[in-house]
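The values are calculated or read from the model by the stated rules, or taken from the named source; none is laboratory data. Not measured: the values here are computed from a predicted model. Positions of Cβ are backbone-derived with ideal geometry, glycine not excepted, and every protein chain shown enters the neighbour counts. Ligands, DNA and RNA are excluded from the accessible area calculation, which covers all protein heavy atoms including side chains. Shrake-Rupley method; radii C 1.70, N 1.55, O 1.52, S 1.80 Å.
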Amino acid sequence: MGIGGKTAEEALASLSDMTAGAIPIGKEEHLARIAKAQAYMQQQGIAAIYINAGANLLYFTGTKWHPSERMVGAILPATGPVEYIAPAFEEDTLKDFMLVEGRVNCWHEHESPYQLFVDVLARMDIAPNAATPPRIGICESAAFFIYDGIRPLAAGYALENARTVTAYCRTRKSAAEIALMQRAKDMTLAVHIATASILREGITTTEVAEFIDRAHRKVGAPAGSYFVIVLFGEATAFPHGVSYVQTLKLGDTVLIDTGCKLHNYISDITRSYVFGQPTERQRFVWNAEKAAQQAAFDAAQLGVPCEEVDKAARRSLEANGFGPGYKLPGLPHRTGHGIGLDIHEWPYLVGGDKTPLAPGMCFSNEPMICVPGEFGIRHEDHFYMTESGPRWFTQPAHSIDDPFGFAGSGCTADQ
């Protein structure tokens, strides 16, 4: 139900812009994030952190800047205003992109940005001290060359991973962040429904991927698809795809994993179903995957370590004859990942991650079953933690015969 029957143009015509009322993160929230980080740094005894260009810089300051071979970022002291560091020729451009204003410390191309970084720390009254070195966090996403450049100049400082601060703040999403992710996921689910409706015998994975990009633009994602994986038949057993184009045949398992960005926040949803009549084998694996996904969701309760969610999914899979552990046929990867400004963020639903689940945390739930030489099934939806437990962003696939739940909603694929 809902698989095939429409042309690409008919399916696109069924979509419309879904971004009305979606509000970007504003300056006040960025300032609140900085204040939260500083309070935590003071509590933990961290004197300052370096925030590199990329998602962390965007999260704390609202400044969108792609990382490169040049050091561009911000210095956040435990007390006092944030300051930036950038090449002199980029100063005006950086200021143009700023949301949270701050002093820009500049270096020319023949000068060392790493020496400038250390000099700025001293000017901020964070002086080196051999006896009690101030703790300085270096952004975990910074390239090694940045740390390697700072390290020999940082005598009297204790360099460490700034993840202690960045992850503490970013893993706990605000209501505004959750609202943007909800909208982005709603958009991608609409794209999934439209995509299923255009499938026909002989269509290629390339054609489907191109349609998905057009569909994401139609629902309001300005850059189209953030990513897309389209797989048919045996290729669906490869979690992140294959190098070759496939052509759809009757009876093929279909796996589509895609997402978009809305005001920098990401969606990521996978749907698996069969083009044609499912075999009993496909039906069994599809239902086992659905049961594992539900087991993971049920285990995701406040205070429970992340690894327990992964264990719950694997117990469910093992009860249906898959695994154990990472053994195939079964689940070859973690059950889920955090999501937000990055598609994969901490914490992770995987063995060894003992982070307790807390309100505001957001995760994928995708305990995929891979059956080499046959097919794979991945149901991927996301949930977020509330004060009363987990809540789905999107409802899981309904059944192998009616993956989008048209029968239960009283709607048809044409509606």
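Sparsely packed loop sites in the stretch 337-402 (the trypsin sites (Lys or Arg not before Pro) outside DSSP H, G, I, E and B with at most 15 other Cβ atoms within 10 Å) comprise 354.
Shape analysis of the stretch 32-187 based on the Cα gyration tensor places the equivalent ellipsoid semi-axes at 26, 20, 13 Å, largest first.
Its Cα centre serving as origin, the chain has a Cβ charge dipole (Lys and Arg +1, Asp and Glu -1) of approximately 660 debye. Taking the Kirkwood radius as Rh and the Cα radius of gyration as Rg, the stretch 77-149 has a ratio of Rg/Rh equal to 0.97.
How big, in percent, is the set of alpha carbon pairs in the stretch 240-296 lying more than 16 Å apart? In whole percent, the share of Cα-Cα pairs in the stretch 240-296 beyond 16 Å is 60. Say R0 is 25 Å: what FRET efficiency, to the nearest 0.05, do residue 328 and residue 279 get from their beta-carbon distance? About 0.80, to the nearest 0.05. A Förster distance of 30 Å, applied to the separation of the beta-carbon atoms of residue 168 and residue 92, puts the FRET efficiency at 0.35. Converting the Cα gyration tensor eigenvalues of the stretch 299-358 into ellipsoid dimensions via √(5λ) gives semi-axes, longest first, of 22, 14, 8 Å. The apolar share of the surface of the chain, taken as the fraction of accessible area on carbon and sulfur atoms (1.4 Å probe, ligands and nucleic acids excluded), comes to 54 percent. Evaluated at q = 0.12, 0.19, 0.21 Å⁻¹, a Debye calculation over the C-alpha positions of the stretch 312-397 (equal weights, vacuum) places log10 I(q)/I(0) at -0.38, -0.90, -1.05. Translational diffusion of the stretch 224-369, estimated by Stokes-Einstein from the Kirkwood radius over alpha carbon pairs at 20 °C in a medium of 1.002 mPa s, is 133 µm² per second.
Here the scattering of the stretch 162-242 is modelled by Debye summation over its C-alpha atoms, one equal scatterer each and no solvent; at q = 0.25, 0.27 Å⁻¹ the log10 of I(q)/I(0) is -1.16, -1.25. Applying a DSSP loop filter and a limit of 16 other Cβ atoms within 10 Å to the trypsin sites (Lys or Arg not before Pro) in the stretch 42-134 leaves 64, 70, 103.
For the Cα trace of the stretch 1-110, dividing Rg by the Kirkwood Rh returns an Rg/Rh value of 1.22.
For the stretch 237-290, the list of trypsin sites (Lys or Arg not before Pro) that fall in a loop by DSSP and count at most 15 other C-beta atoms within 10 angstrom reads 249. Among 224, 20, 384, which residue has its Cα positioned farthest towards the positive end of the charge dipole of the chain, with +1 placed on the Cβ of Lys and Arg, -1 on the Cβ of Asp and Glu, and the dipole taken about the Cα centre? Looking along the dipole axis, the top candidate is 384. Hydrodynamic estimate: the Kirkwood radius of the chain over Cα pairs, inserted into Stokes-Einstein at 37 °C and 0.692 mPa s, corresponds to D of 142 µm²/s. Over all other residues within a Cβ to Cβ distance under 11 Å of residue 248, the charged ones net out to -1, with Lys and Arg as +1 and Asp and Glu as -1. Between the stretch 258-303 and the stretch 167-224, the alpha-carbon centres lie 15 Å apart. The mean accessible area for residues of the chain, using a 1.4 Å probe and ignoring ligands and nucleic acids, is 41 Å² per residue. Using the reciprocal of the averaged 1/r over all distinct C-alpha pairs, how large is the Kirkwood radius of the stretch 161-314 in Å? One decimal place: 17.4 Å for the Kirkwood radius. With only the Cα atoms considered, the stretch 203-252 has a convex hull volume of 83 Å³ per residue. Between residue 318 and residue 112, the C-beta separation translates, for a Förster distance of 51 Å, into a calculated FRET efficiency of about 0.40. Amide hydrogen proximity for residue 371: with H placed 1.01 Å from N in the peptide plane, the residues at 5 or more positions away or on another chain lying under 5 Å are 376, 377.
Dividing the convex hull volume of the alpha carbon atoms of the stretch 177-224 by its residue count gives 66 Å³ per residue.
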